[in-house]
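The values are calculated or read from the model by the stated rules, or taken from the named source; none is laboratory data. For clarity, every value in this text was computed on a predicted model and none was experimentally measured. Cβ coordinates were reconstructed from backbone atoms using ideal geometry, including for glycine residues, and neighbour counts include every protein chain displayed.
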Amino acid sequence: MTPGARIQAAIEILDHIAGGVPAEKALIGWARQSRFAGSGDRAAVRDHVFQALRCWRSYACLGGGETGRARMLGALRAGEIDPDTLFTGVGHAPEPLSAAEREAGGVPTGADACDMPEWLLQKFRASLGDKAEATAQALRQRAPVMLRVNRRKGDRDTAIAALAGEDIICGAHPIADMALIVTHGARRLARSRAYLDGLVELQDGSSQAVMDDIDLPPAPRILDYCAGGGGKSLALAARSDAQISAHDVDPARMQDLPNRAARAGVDITVLDKLPAPGKALFDMVLCDVPCSGSGSWRRAPEAKWRLTPERLTDLTRLQSQIMAAAAEYVAPGGQLIYATCSVLSAENEDQIDAFLAASPGWVRRETHRFDVTDGGDGFFVAHLCRDG
């Protein structure tokens, strides 16, 4: 595909997304109908689409419209690329610009420049103060590809050398002890020996740092209450001899965890169902609760535009319920670790304050925020302790 044809493909996909089709479904549908597109073409089109999702409102302003065509015109203007070099009408490229399109568009301001709805920008300002705009701007950029080196199989230097041998270039990142940032060859990771042999795992740096900050007693009993794919369980297992049990309300999300654990050389027990509260107690219960994902919108930008005030209210209600239920599994003297990949106070500090107010016998040991500008995703973690 020519660069112009890739732009046209992105235009069509963006129109489907604007019509309500989920981004992944729209991309898969296009790929199935475009067997002529090679892997490089598919990757380039995907990059166009996801960057347009990150900059949905600012590209519309720059392009002068709400269509996929206007947004891709806005993308070119944002990148200071002459649209006439790609909007040529030659082959499968977009048709040349009309006189009206050449005159349309303007510089985005306010919420448009931050690429979020006005109500959400207000939440950002209330939660982040003078960091709100910088965070919003960081979320408009593509996220870095980050790896966690498995301590049980090697150190960072070993992993860097192994990956370099397969033309995947990485460097150490200061956000976490075993964090690497990939600067070249990221699309080869899934087929690399370092990945297939369990030396490295894909994991954001902030997520790694959250696990590094947890103080673990010798051989603790740990319950990962909202395990999802199990990335945090794997990170904890790599640095201790913990007895780790992973649970998720949707067991299908954990289906790959046994294979991932075997590859990493660790033992994790997958629990499709939990025993009744009081029948099993743990030294630590980790709750990485469902949230808005506002700290990780670089990776999942569509979620930013799907979030509504009503959805945020539903999420905070669910988070409160999960905390209360998970606390029942913490042994006396044990810890409850609450985490979100959100930057919003309603999902973070407000939740901790409400839990402590309603839960005698619990104390806050520490809380920590990881900013998007730190290099990883935006993240929040609170360490709570139950009186012995």
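Among the conditions (1) hydrophobic (A, V, I, L, M, F, W, C); (2) over 28 Å from ALA303 (Cβ atoms); (3) touching a Leu at 6+ places or on another chain (Cβ under 8 Å), ALA136 misses just one, which is (2). Remark: ASP283 matches the filter, which requires a residue to be touching a Lys or Arg at 6+ places or on another chain (Cβ under 6 Å), surrounded by 15 or more Cβ atoms within 10 Å (Cβ to Cβ) and charged (D, E, K, R).
Here are GLY361, GLY333: which of them is farther than 22 Å from VAL210 by Cα and either loosely packed, with under 12 Cβ neighbours inside 10 Å or modelled with pLDDT of 95 or more (or both)? Working first, answer last.
Details: GLY333 fails: farther than 22 Å from VAL210 by Cα.
The match here is GLY361.
Condition first: over 22 Å from LEU73 (Cβ atoms), of a type in the set (A, V, I, L, M), in contact (Cβ under 8 Å) with a residue 40 or more places away in the chain and outside any loop (DSSP other than H, G, I, E, B). Now tell me which residues in segment 102-146 satisfy that. Within segment 102-146, LEU120, ALA126, LEU128, ALA134, ALA138, VAL145, MET146 meet the criteria.
Looking only at segment 364-388, filter to residues that are surrounded by fewer than 20 Cβ atoms within 10 Å (Cβ to Cβ) and of a type in the set (Val, Ile, Thr); which one of those is nearest to ALA138 (Cα to Cα)? Applying the filter and picking the extreme gives THR373. When TYR225 is tested against the conditions (1) aromatic (Phe, Trp, Tyr); (2) under 24 Å from GLY376 (Cα atoms); (3) surrounded by fewer than 24 Cβ atoms within 10 Å (Cβ to Cβ), the lone failure is (3). The set of residues in segment 225-260 that are free of Cβ contacts under 8 Å to residues at least 24 places away in the same chain and assigned to a loop (DSSP other than H, G, I, E, B) comprises ASP241, ASP248, VAL249, ASP250, GLN255. ALA219 meets all of the listed conditions (1) modelled with pLDDT under 95; (2) more than 20 Å from ARG148 (Cα to Cα); (3) under 23 Å from the mean Cα position of the chain (by Cα) but one, namely (3).
Okay, residues lined up against (1) assigned by TED's automatic domain parsing to the domain that holds ILE169; (2) crowded, with 24+ Cβ neighbours inside 10 Å; (3) under 26 Å from ARG369 (Cβ atoms):
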position	(1), (2), (3)
ALA190	yes, no, no
GLY198	yes, no, no
SER207	no, yes, yes
SER233	no, yes, yes
ASP241	no, no, no
ILE244	no, yes, yes
ASP248	no, no, yes
MET254	no, no, no
ASN259	no, no, no
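Counting residues that are under 30 Å from VAL145 (Cβ atoms) and without any contact (Cβ under 8 Å) to a residue 24 or more places away in the chain, which strands (runs of 3 or more DSSP E) fully inside segment 281-388 reach at least 1?
Details: elements: 282-288, 330-340, 362-370, 379-386.
Passing ranges, in order: 362-370.
If you take just the helices (runs of 4 or more DSSP H) that sit entirely in segment 153-220, which of them hold at least 2 residues that are farther than 22 Å from CYS341 by Cα? Output list reads 156-164, 193-196.
Considering segment 261-280, and only residues there that are of a type outside the set (Val, Ile, Thr) and not in a loop (DSSP other than H, G, I, E, B), the residue that is surrounded by the most Cβ atoms within 10 Å (Cβ to Cβ) turns out to be ALA264.
Yes or no: segment 153-166 includes at least one residue that is free of Cβ contacts under 8 Å to residues at least 40 places away in the same chain, of a type outside the set (Phe, Trp, Tyr) and surrounded by 23 or more Cβ atoms within 10 Å (Cβ to Cβ).
Pass one, segment 153-166, residues free of Cβ contacts under 8 Å to residues at least 40 places away in the same chain: 155-157, 160-166.
Next cut, of a type outside the set (Phe, Trp, Tyr) only: 155-157, 160-166.
Still in the list and also surrounded by 23 or more Cβ atoms within 10 Å (Cβ to Cβ): 163.
Scanning segment 153-166 turns up at least one residue that is free of Cβ contacts under 8 Å to residues at least 40 places away in the same chain, of a type outside the set (Phe, Trp, Tyr) and surrounded by 23 or more Cβ atoms within 10 Å (Cβ to Cβ).
Summed over segment 73-89, residues that are of a type outside the set (D, E, K, R) and out of contact with any Gly (no Cβ under 7 Å at 6 or more places or on another chain) total 9.
Return the only residue of ILE160, ILE181, ILE169 being in contact with a Pro (Cβ under 8 Å, 6 or more places away or on another chain) and modelled with pLDDT of 95 or more. Before the answer, list the steps.
On the way: ILE160 fails: in contact with a Pro (Cβ under 8 Å, 6 or more places away or on another chain); ILE169 fails: in contact with a Pro (Cβ under 8 Å, 6 or more places away or on another chain).
From the options ILE160, ILE181, ILE169, the qualifying one is ILE181.
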